[in-house]
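Right, one structure below, let's go through it.
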Amino acid sequence: MKTNQVGNFAQDLSEYDEQLFKEYKKVNPVVGVWRRLKKSKLAMLGLFFLLVLAFAAIFADFICDYESMAIELNIANRLQGPSIEHWFGTDGQGRDLFARVIHGARVSLGLGLTCTALSALLGLILGSICGYFGGVIDNVIMRVLDCVMCIPGVLMALALVAAMGQSTANLIIALTVSYIPSFTRIVRASVISVAGNEYVEAARASGLDTPRIISKYILPNAAGPVIVEITMNVASIIKAVASLSFIGLGVVPPTPEWGVMLSESREFMRYSPYLVIFPGLAIIITSLAFNLLGDGLRDALDPRLKD
């Protein structure tokens, strides 16, 4: 009788363990990251601001007409202060400042995300090669990138744009080249820490080819630091775009970009400070939002933290 009870208990326990394992497999890792991210109020505040900014950038044409409000000159309305008709006032050429800030969000976010995506992609490729293969390839690539990293990113972009000429395409190339080394070093370190694990050795022993091992087993487990670096770099690139545009080597006027707007407002800032305040706040809030989100993601993606 006791033997049957012990056998039934063991069977029930085995079925419970099997069911628990199935439920565990169903849990999406993204759900866990999101659950931990929601615990950070500052990260959620940054995410909220970014969603509002993204909404404004996507639907900027519906909010304010681009041609008539953000580009077209209207000298009769120049330097009008904030009012119901012009929420942020008008600039020295009579253009609506609110419309220019909204459309400038599209330009700044677009450039920031484009340059970050390109630099992250190239850094992902180079970092994976260096971290997985090592040896001479690693030494050659990293020594070249060390030489690039000796020059500050904005200064490197400034030199490249000055050499290639002022255009949006050249600006994207310059900023992409400037931020490749940081991504490469982070990916390389992450790949080295993951490549020696047992499941990677088992994948090699099973005969899988190198590209599949890297893409399926290494990069997904090394993605956390890369995701955090992406959020941080978007903020850095937005500030770099504004800096280059401010000195005349970034976005070409009259395209509404926050750095261009600051540059055009210098001569009026003593009598019309709102011309500097609103574009400056846009840069500060956007950069702060990305940094807050990046800090939250760093904690949420930390495997040592538990729900």
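Read the figures in this text as sums done on the coordinates, not as results from a lab. Everything numeric here is computed off the predicted structure, so don't read it as measured data. Every residue, glycine as well, gets a Cβ built from its backbone with ideal geometry; the counts of neighbours run over all protein chains shown.
Table for the structure above
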quantity	calculated
Ranked Trp34, Trp87, criterion: other C-beta atoms within 10 Å, fewest first	Trp34, Trp87
Integer Hz, Karplus 6.51/-1.76/1.60 couplings in order for the stretch 159-164, x for Gly and Pro	5, 5, 5, 5, 7, 8
5 angstrom amide H check on Asn74, placed H, neighbours 5+ away	Gly94, Arg95
Residue order, fewest to most beta carbons within 10 Å, for Glu72, Glu201, Glu264	Glu201, Glu72, Glu264
Estimated D of the stretch 159-307 in µm² per second, where Rh is the Kirkwood radius over Cα pairs and Stokes-Einstein applies at 37 °C, 0.692 mPa s	180
Contour excess over end-to-end distance, with Cα ends at Asn197 and Val252 and 0.36 nm allotted per residue	14.8 nm
Mean separation of Cα contacts under 8 Å, 6 or more apart, over the residue count of the stretch 51-113: relative contact order %	35
Kirkwood hydrodynamic radius over Cα pairs of the stretch 31-140, then Stokes diffusion coefficient at 4 °C and 1.567 mPa s, in µm²/s	74
Burial ordering of Thr286, Thr168, fewest other beta-carbon atoms within 10 Å first	Thr168, Thr286
In the stretch 215-296, chymotrypsin sites (Phe, Trp or Tyr not before Pro) in a DSSP loop with at most 13 other beta-carbon atoms within 10 Å	Tyr271
Computed log₁₀ I(q)/I(0) - Debye formula, equal Cα scatterers, no solvent, the stretch 70-193, q 0.09, 0.11, 0.22 Å⁻¹	-0.42, -0.55, -1.12
Cα centroid separation - the stretch 177-232 against the stretch 46-69, whole Å	36
Whole-angstrom Cα spans of the chain along principal axes, big to small	99, 53, 27
Relative contact order of the chain, pairs being alpha-carbon contacts under 8 Å that are 6 or more residues apart, as %	24
Net lengthening on full extension, Ser215/Glu72 (0.36 nm per residue, minus Cα-Cα)	46.6 nm
